[in-house]
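The values are calculated or read from the model by the stated rules, or taken from the named source; none is laboratory data. It should be emphasised that the depicted structure is a prediction, and the values quoted were computed from it without experimental measurement. Methodologically, a virtual Cβ is constructed for each residue, glycine included, from the backbone with ideal geometry; neighbour enumeration extends over all protein chains shown. Please note that ligands, DNA and RNA were not included when accessible areas were found on the heavy atoms of the full protein model with its side chains. Shrake-Rupley method; radii C 1.70, N 1.55, O 1.52, S 1.80 Å.
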Amino acid sequence: MQSAILPGGQVITVNEYNPEIHGDSIYCLDKSCSAPVIFVKGTDSVVSHFKTTGKSEENKHSSTCGFYKPLSFFESVAKVEEYQQDLLDNGIKKHIVKINFNKLDPDYEPKTVEREEKEKKSVDPTEIKIKQENETPKSIGSLKAVVNLLTSYDPGILSSIVVQVKGAKIPISRLILHFEKAYEQHWNDELLETPYFIFGKVERVIRREKVYFIVFESKDKRSQFSLVVFDKYFKHFTLRDDQLVGKEIISYGFLKKNTFNQDKKRSELSIKSDKFIQILTSKG
Ligand SMILES: [Zn+2]
């Protein structure tokens with residue numbers, strides 16, 4: 001792990017840690033665990049990190065700890081939600097990750113080729129070095145990249161991520177939501193003016209002449225939430241029903257309230273192509 005907790009509750013990262021200042025009493029940042037950890041200095045092949053010694057039961061992560069085993073996408077989302085606000089409040093060093101899905105949008109036209117080349121040239125030469133130091137990526141341009149992010153880094157590193165999207169900076173755990181939670185926040189007017197990553201299990205696909213609905217399966221039966229594809233974009237949407245029904249998926253976009261039927265509050269997220277759906281395997 002890259003961060004740990006000092007006896008006073010302050011978060012310390014491996015790069016900031018100095019035993020002469022901070023002492024040797026440092027702990028796992030998962031509150032259900034709080035196992036003592038030690039500092040391990042980096043080598044050519046491994047970055048500096050904190051770890052448990054495993055010498056006795058007290059020196060191992062508890063089975064509910066986010067560092068006990070590699071986490072699935074769903075477990076990772078839950079742990080980052082549990083940790084993030086607390087770690088941000090206690091001074092974890094933030095990592096900014098930009099989100100830009102423009103290239104996936106069939107309506108998007110790059111302004112000029114020149115500009116893209118300019119951006120390429122201005123790449124910081126230290127970036128490759130940073131990568132070796134276990135830093136998170138600087139930008140995300142697809143749903144697959146989001147899933148990879150959540151399943152490749154430990155929940156401590158993920159909790160340091162603040163997402164820059166449409167000019168706003170938002171802790172990542174606020175933007176990746178199960179649809180039932182998103183639905184509740186949507187109708188309580190608690191959502192921010194940004195696109196969201198929404199995941200859930202597909203119950204059915206309804207294909208009408210002018211619009212398709214990909215309906216999520218609601219356990220509480222109250223949250224009516226669908227992804228929507230309008231006919232203008234049918235040509236970009238080739239997924240078959242059997243590729244979606246019963247599958248856990250994640251999507252990305254702005255939520256809209258559908259108040260057409262006064263009795264039924266429905267949340268909708270409109271997508272323009274297959275690229276705005278990523279199937280989540282039970283492992284991923
Ligand atoms: Zn632990």
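A few notes on this one:
- Residues that are within 14 Å of the ligand (Cβ to nearest atom) and surrounded by fewer than 18 Cβ atoms within 10 Å (Cβ to Cβ), drawn from the stretch 37-58: 38, 51, 53, 54, 57, 58
- Strands (runs of 3 or more DSSP E) wholly inside the stretch 132-194 that include at least 3 residues being more than 25 Å from residue 15 (Cα to Cα): 176-178
- Pairs with Cβ under 7 Å, 6+ apart, first in the stretch 5-32 and more than 20 Å from residue 79 (Cβ to Cβ) and aliphatic (A, V, I, L, M), second within 16 Å of the ligand (Cβ to nearest atom) and open to solvent by less than 80 Å² (accessible area, probe 1.4 Å): 6/12; 6/26
- Selected residue (criterion: least open to solvent (accessible area, probe 1.4 Å)) from residues of the stretch 59-102 that are in a loop (DSSP other than H, G, I, E, B) and hydroxyl-bearing (Ser, Thr, Tyr): 72
- Residue in the stretch 26-34 that is in contact with a strand residue (DSSP E or B) (Cβ under 9 Å, 6 or more places away or on another chain), farther than 25 Å from residue 88 by Cα and surrounded by 11 or more Cβ atoms within 10 Å (Cβ to Cβ) present: no
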